[in-house]
Amino acid sequence: MIEFFATRMRLGQRDGDIGQDVDAQAQALLLQSTRAGLRVMAKSFDRPTFRGITDTALAGL
């Protein structure tokens, strides 16, 4: 999954949608870590709280 994210980031850089200054590998690792954490948190929080967490996580992208 990390390599998938990194490849998509690089394609975005090639197409001009993502800045060249973005480290695609580091962002891919961040996305995967966030994804894994959200999966765990989804089991522990009520829907409104989880929604706030996901909105915050996605805002950083």
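Kindly check whether there is at least one residue in the stretch 32-43 that is among the β-branched types (V, I, T), assigned to a helix (DSSP H, G or I) and modelled with pLDDT of 95 or more. No, the stretch 32-43 contains no residue that is among the β-branched types (V, I, T), assigned to a helix (DSSP H, G or I) and modelled with pLDDT of 95 or more. Among the residues of the stretch 4-20, those that are open to solvent by 60 Å² or more (accessible area, probe 1.4 Å) and either under 14 Å from L61 (Cα atoms) or in contact (Cβ under 8 Å) with a residue 40 or more places away in the chain (or both) comprise R8, D17. What are the residues in the stretch 34-54 that are within 13 Å of the chain's Cα centre (by Cα) and open to solvent by 80 Å² or more (accessible area, probe 1.4 Å), if any? If the condition is that a residue be within 13 Å of the chain's Cα centre (by Cα) and open to solvent by 80 Å² or more (accessible area, probe 1.4 Å), then R35, R39 are the ones that fit.
The values are calculated or read from the model by the stated rules, or taken from the named source; none is laboratory data. Treat the numbers as computed from the prediction; the structure is a model and nothing was measured. Backbone-built Cβ (ideal geometry, glycine too); neighbour counts: all protein chains shown. All accessible areas refer to the heavy atoms of the entire protein, side chains included, with ligands and DNA or RNA removed. Shrake-Rupley method; radii C 1.70, N 1.55, O 1.52, S 1.80 Å.
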